[in-house]
1. Among what's in the stretch 186-213 and is in a loop (DSSP other than H, G, I, E, B) and at pLDDT 90 or above, pick the residue that is nearest to the chain's Cα centre (by Cα).
2. Do you know which residues across the stretch 171-185 are in contact with a strand residue (DSSP E or B) (Cβ under 9 Å, 6 or more places away or on another chain) and part of a loop (DSSP other than H, G, I, E, B)?
3. Return yes or no: is residue 168 at pLDDT 90 or above and either on the phi > 0 side of the Ramachandran plot or part of a helix (DSSP H, G or I) (or both)?
4. Report yes if residue 176 is without any contact (Cβ under 8 Å) to a residue 60 or more places away in the chain and in the same structural domain as residue 268 (by TED's automatic domain parsing), otherwise no.
5. Just checking, does the stretch 190-205 include any residue being farther than 30 Å from residue 302 by Cα and either touching a strand residue (DSSP E or B) at 6+ places or on another chain (Cβ under 9 Å) or touching a residue at least 12 places away in the same chain (Cβ under 8 Å) (or both)?
6. Taking residue 178 as meeting all but one of (1) surrounded by fewer than 18 Cβ atoms within 10 Å (Cβ to Cβ); (2) over 23 Å from residue 109 (Cβ atoms); (3) over 20 Å from the mean Cα position of the chain (by Cα), write down the number of the exception.
7. For the stretch 156-170: of the residues being out of contact with any strand residue (DSSP E or B) (no Cβ under 6 Å at 6 or more places or on another chain) and surrounded by 13 or more Cβ atoms within 10 Å (Cβ to Cβ), which is nearest to residue 111 (Cα to Cα)?
C-alpha cells in the first residue's frame with residue numbers, strides 16, 4: 001500500500017532523502033548544489049514544505065513530487081520521480097491525487113509543469129490527472145558583451161514607481177491580447193493575481209519599466225536575477241496590440257541588453273513559446289542561442 005507524506009511532517013533526514021530522489025536524474029556535478037538549494041528553501045519557508053509530497057511503501061521512499069505554490073493563485077509541479085518498481089503507476093497516481101487535493105485546498109486557478117521534452121511517462125501521468133500539453137518552450141541565452149546594441153529612437157523607458165503603477169498594470173494586461181506566448185493563460189487570473197506573480201518572480205521593481213513610444217504607453221519590460229549574479233532573466237517583454245509591428249519589441253530588447261550590461265551582467269537568459277515565431281526571430285537575430293527545450297503542460301481549475 002502506498003502512503004503519501006508531506007514534507008512538513010518529515011524530519012530533516014527524510015527531507016534530504018526525498019530531495020536526493022527528486023534530483024536523481026540531474027548531472028552529478030549539479031545534483032549536490034540543487035539538493036542544497038532546495039533544502040535551504042524548505043528551511044527558510046521560501047518553498048512550502050507541505051508541497052513536498054513523498055510516497056512510501058512501508059519504510060521505503062519510492063517517489064517524490066514537489067508542488068511549488070506561486071503568488072497569484074498559481075502552482076508549478078516539478079517533474080516528479082518514481083522508482084522503477086512494479087507499483088510505479090500506482091505511486092504516480094497517489095502523488096498526483098494528493099497534489100490535486102492541495103490545489104483545491106489552496107484555491108489554485110492554474111497549475112503548470114515544465115518537463116524535459118520527450119518525457120513521455122511524466123507527461124502521461126500528468127495527463128491522467130487533468131493536465132493538457134499546450135506547447136514547447138525554448139530556453140535561450142546570449143552573451144551581452146558579444147551583441148551590438150542598436151540605437152533606440154522614439155523609445156522612452158520609465159522605471160516603475162507608484163506614480164505610473166496603474167498605467168503599467170493596464171498596459172501589462174493589454175499585452176496578453178492576441179499574444180503568441182502561452183495564450184491559454186489569458187483571462188485565467190485577475191490583474192492583481194498577475195501582478196503578484198511577477199512580483200514574486202522579479203521582486204526588484206527597479207528592474208521594471210513602462211515603455212513609451214513617442215510618448216504613448218506601449219509596452220512593459222521586466223528583468224529578474226537569474227541563478228548567477230552575472231546573469232539576468234528577461235522575465236517579461238510585451239507590447240500592447242495597438243503598437244505592434246513598429247519595431248518596439250526590438251527596441252525594448254536592445255534596451256534590456258544595454259541595461260543588463262550597465263548592471264554588470266554578462267549574459268541574459270529567457271524562455272519563449274515555440275509558437276511565438278516573431279519573438280523567436282527577434283531573439284535569434286539579436287544573437288540569442290537555443291540552450292534546451294521543455295514541454296509545457298497546464299491544468300486550469302474550476303473553483304466553486
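The values are calculated or read from the model by the stated rules, or taken from the named source; none is laboratory data. The structure presented is a predicted model; accordingly, all values stated were derived computationally and were not measured. So basically every Cβ, Gly included, is an ideal-geometry build from the backbone, and we count neighbours across all protein chains shown.
1. Quick first cut of the stretch 186-213, residues in a loop (DSSP other than H, G, I, E, B) only: 186-190, 202-204.
Adding the requirement that they be at pLDDT 90 or above leaves 202-204.
Details: 202: 11, 203: 14, 204: 17 Å.
Looking at residues that are in a loop (DSSP other than H, G, I, E, B) and at pLDDT 90 or above, I get 202.
2. As a first pass, look at the stretch 171-185 and keep what is in contact with a strand residue (DSSP E or B) (Cβ under 9 Å, 6 or more places away or on another chain): 171-172, 174-176, 179-185.
Listed by number, the residues that qualify are 175, 176, 179, 180, 181, 182.
3. Working: at pLDDT 90 or above: yes; either on the phi > 0 side of the Ramachandran plot or part of a helix (DSSP H, G or I) (or both): yes.
For residue 168, the condition - at pLDDT 90 or above and either on the phi > 0 side of the Ramachandran plot or part of a helix (DSSP H, G or I) (or both) - is met.
4. Details: without any contact (Cβ under 8 Å) to a residue 60 or more places away in the chain: no; in the same structural domain as residue 268 (by TED's automatic domain parsing): yes.
Spelling it out, it is not the case that residue 176 is without any contact (Cβ under 8 Å) to a residue 60 or more places away in the chain and in the same structural domain as residue 268 (by TED's automatic domain parsing).
5. Taking the stretch 190-205 and keeping what is farther than 30 Å from residue 302 by Cα, we get 204-205.
Imposing the further condition that a residue be either touching a strand residue (DSSP E or B) at 6+ places or on another chain (Cβ under 9 Å) or touching a residue at least 12 places away in the same chain (Cβ under 8 Å) (or both) reduces the set to 204-205.
Taking every residue of the stretch 190-205 in turn, at least one turns out to be farther than 30 Å from residue 302 by Cα and either touching a strand residue (DSSP E or B) at 6+ places or on another chain (Cβ under 9 Å) or touching a residue at least 12 places away in the same chain (Cβ under 8 Å) (or both).
6. For residue 178, the exception is condition (2).
7. If we take residues in the stretch 156-170 being out of contact with any strand residue (DSSP E or B) (no Cβ under 6 Å at 6 or more places or on another chain) and surrounded by 13 or more Cβ atoms within 10 Å (Cβ to Cβ), then 169 is nearest to residue 111 (Cα to Cα).
Matching residues to (1) assigned by TED's automatic domain parsing to the domain that holds residue 200; (2) within 28 Å of residue 299 (Cβ to Cβ); (3) surrounded by fewer than 20 Cβ atoms within 10 Å (Cβ to Cβ); (4) under 18 Å from the mean Cα position of the chain (by Cα):
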{"site": "26", "(1), (2), (3), (4)": "no, yes, yes, no"}
{"site": "39", "(1), (2), (3), (4)": "no, yes, yes, no"}
{"site": "42", "(1), (2), (3), (4)": "no, yes, no, no"}
{"site": "48", "(1), (2), (3), (4)": "no, yes, yes, yes"}
{"site": "63", "(1), (2), (3), (4)": "no, yes, no, no"}
